[in-house]
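K.L.:
Take a look at this one; I'll ask things after.
A short reminder: the numbers here are calculations on the coordinates, not readings from a lab. Remember, predicted model here, so these are calculated numbers, not experimental data. Positions of Cβ are generated from backbone atoms using ideal geometry, with glycine treated the same way; all protein chains shown enter the neighbour counts.
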Amino acid sequence: MAGRGDLGGTEARLTLASTSPQRRAILEQLAIPFEVVAPDYVEDDPPDADAVELVRRHADGKARSVHVDGRITLGVDTTVLLDGRVYGKAADRDAARRMLRELSGRTHAVVSGVCLLGGSEDVLEHATTNVTFRALDSDVLDAYLDSGEWENRAGAYAIQGLGGRLVERIDGDYLNVVGLPGALLVSVLERHASKLLQTRR
């Protein structure tokens, strides 16, 4: 599946090792031509893992699971970190409620690993954004949980949707919280695959 701006074989194109709609939307927003390939990679998110090492390992694993010589491949992984504990995707509504209660009224870190293969050199980097939640009462929590938006989201929320109601402020790259650190990605592409930034709408 090709993203907007793809002109076929005449243009450089990024292979995105992710099926995330949010990551596709960010690449389209940044006018980076791409195609999507689902990664053949199984994530393991132990709560006591080192968050930076974890997202870098997952990003690398996703990218390498689909990479083909001659192509430029992007792998990304994002998690939430509070008090040294990794908050991955909630298994069910009760787990999501516990996560959101623990994040309520506090500042957590959203950490993303970015792996680029096939450019001038292979790159593995990460970015961090700090997010502060409002104090969340039971009514706010119930309304958000009822929406179902928490499903399949690191930290059990999506800032680009109704989850934006939970947030008081952020410090850093907003797109990182959505799921792909745009500022870091553009910097990496400028240094190692600048032809992917030549496309304009």
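K.L.:
In debye to the nearest 20, how big a dipole does region 45-102 give about its Cα centre with +1 on each Lys and Arg Cβ and -1 on each Asp and Glu Cβ?
P.N.:
240
K.L.:
To continue, here is another question. How large are Rg and Dmax for region 30-98 when only the alpha carbon atoms are used, in Å?
P.N.:
Over region 30-98's Cα set, Rg and Dmax evaluate to 14.6, 45 Å.
K.L.:
Jot down the per residue volume, in cubic angstrom and as a whole number, of the convex hull over the alpha-carbon atoms of region 85-124.
P.N.:
Spelled out: Cα convex hull of region 85-124, divided by residues, is 94 Å³.
K.L.:
Let me ask something else about it. Mean shadow of the chain, computed from the convex hull of its alpha carbons, in nm²?
P.N.:
10.8
K.L.:
Rg/Rh for region 9-55 to two decimals, with Rh computed the Kirkwood way over all alpha-carbon pairs.
P.N.:
Ratio of gyration radius to Kirkwood radius for region 9-55: 1.10.
K.L.:
Relative contact order of region 72-201: what whole-number percent is it, with Cα pairs under 8 angstrom and at least 6 residues apart?
P.N.:
In percent, rounded to a whole number, it is 27.
K.L.:
Please list, ordered by chain and number, the residues whose modelled amide H lies under 5 Å from the amide H of S18; skip anything fewer than 5 residues away on the same chain.
P.N.:
Here the answer is V37, since their amide H atoms fall under 5 Å of that of S18.
K.L.:
Select from region 73-168 those GluC sites (Glu not before Pro) which occupy a DSSP coil region and have at most 12 other Cβ atoms within 10 Å, ordered by residue number.
P.N.:
Sparse-neighbourhood loop GluC sites (Glu not before Pro): E121.
K.L.:
Using only C-alpha positions, report the orientation-averaged shadow area of the convex hull of region 101-201, nm², one decimal.
P.N.:
One quarter of the hull surface, i.e. the mean projection, equals 7.6 nm².
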